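Provided herewith is a single structure, encoded as structure tokens, for subsequent inquiry.
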Amino acid sequence: MITAPLWLVGRVTGVRSATPHGRVIELQVDGWPGNAAGQHVDIRLTAEDGYQAVRSYSLASSGGSPVLELAIDEVPEGEVSPYLVHDVRPGDELEVRGPIGAYFVWGPERTDPVQLIAGGSGIVPLIAMARVHERAASRSPMRMLYSVRSADDAFYAAELNGLASDTLTVDWAYTRTAPPGFPRPAGRVDAATIAASTIPPSDHPTVYVCGPTGFVEAVADLLVAAGHSPDRIRTERFGGA
């Protein structure tokens, strides 16, 4: 019998702005059992009248540290994300349950090529994988394609560019406004983008795709059309507020 993780109390130890509408939050969670890169947690907020709201958020952190890192993108009409982005302060407490998920994970024991594809804040579990790849000095080829509306909307942009190496390639796709001189015109990820900016299907990569539901479904269809085997494509989608 599988027992669900218990709710734990997390104390906010740090917050920082990441984009005009996004924020990175660090939580100290005593009793945290550790997590793999790609897993997520549930966050529960309780109002003074007892009303509760629960949302799932991916973790940018991994390993055994009790300090968890979340990156939250605001959904303007949402119940939870506006509070996390605008109101939470160091010292505040949040209820946390996890880690959750065993399918959308990656570890350095894997030796096959890895393709990561993120849309917006879907970068969060994938930056965790890229960090593990770098810490382990993995020689497995890893490539990241990050689709964002504009350069200002990118989470972890400087870190991603710093992680780029002979074993980790970082590609960008801007959907609304591309930086001056950027070779790819602004637009959604399409078949040409997949062909030019991802590991080819002939190399048999495992592909991880994370982002809004519409983005994930469109990218998964493009990957299959390009020749990738569906059983090598792992997806994580979100739509919570």
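Any residue in the stretch 151-174 that is closer than 22 Å to Tyr103 by Cβ, within 20 Å of the chain's Cα centre (by Cα) and of a type in the set (S, T, N, Q)?
As a first pass, look at the stretch 151-174 and keep what is closer than 22 Å to Tyr103 by Cβ: none.
The answer is no; no qualifying residue exists.
Could you give every pair whose Cβ atoms fall below 7 Å, whose first residue belongs to the stretch 174-198 and is open to solvent by 70 Å² or more (accessible area, probe 1.4 Å), and whose second residue is of a type in the set (Gly, Ala, Ser) and in a helix (DSSP H, G or I), counting only separations of at least 6 or pairs across chains?
Ala195/Ala226
Please list, ordered by residue number, the strands (runs of 3 or more DSSP E) wholly in the stretch 65-136 having 3 or more residues that are closer than 26 Å to Trp172 by Cα and in contact with a Pro (Cβ under 7 Å, 6 or more places away or on another chain).
On the way: elements: 67-73, 93-100, 114-119.
Ranges flagged: 114-119.
Can you list residue pairs whose Cβ atoms sit under 6 Å apart, with the first residue in the stretch 212-228 being under 12 Å from Val189 (Cβ atoms) and the second being at pLDDT below 95? Count only pairs 6 or more apart in sequence or on different chains.
Between residues of the stretch 212-228 that are under 12 Å from Val189 (Cβ atoms) and residues that are at pLDDT below 95, the close pairs are Val216/Arg237.
Within the stretch 174-212, which residues are within 20 Å of Ser121 (Cα to Cα), among the hydroxyl-bearing types (Ser, Thr, Tyr) and not in a strand (DSSP E or B)? Break it down into steps so the answer makes sense when it comes.
Just the residues of the stretch 174-212 that are within 20 Å of Ser121 (Cα to Cα), to begin with: 174-179, 186-190, 193-194, 197-198, 207-212.
After this cut, where a residue has to be among the hydroxyl-bearing types (Ser, Thr, Tyr) as well, the list is 174-175, 177, 193, 197-198, 208.
Passing the criteria: Thr175, Thr177, Thr193, Ser197, Thr198.
Given the structure, is Phe215 in a loop (DSSP other than H, G, I, E, B), within 15 Å of the chain's Cα centre (by Cα) and closer than 23 Å to Val105 by Cα?
Numbers: in a loop (DSSP other than H, G, I, E, B): no; within 15 Å of the chain's Cα centre (by Cα): yes; closer than 23 Å to Val105 by Cα: yes.
For Phe215, the condition - in a loop (DSSP other than H, G, I, E, B), within 15 Å of the chain's Cα centre (by Cα) and closer than 23 Å to Val105 by Cα - is not met.
Could you tell me which of the residues Glu217, Glu134 is of a type outside the set (A, V, I, L, M) and more than 15 Å from His228 (Cβ to Cβ)?
Numbers: Glu217 fails: more than 15 Å from His228 (Cβ to Cβ).
The match here is Glu134.
Taking the stretch 137-171, which residues are open to solvent by less than 20 Å² (accessible area, probe 1.4 Å), in a loop (DSSP other than H, G, I, E, B) and touching a residue at least 40 places away in the same chain (Cβ under 8 Å)?
Listed by number, the residues that qualify are Ala154, Phe155.
The values are calculated or read from the model by the stated rules, or taken from the named source; none is laboratory data. What you are looking at is a predicted structure, and each value in this text was computed from that prediction instead of being measured. Counting neighbours? That spans all protein chains shown, and the Cβs are built from the backbone with ideal geometry, glycine included. Protein only, heavy atoms only, side chains kept; ligands, DNA and RNA dropped before computing areas. Shrake-Rupley method; radii C 1.70, N 1.55, O 1.52, S 1.80 Å.
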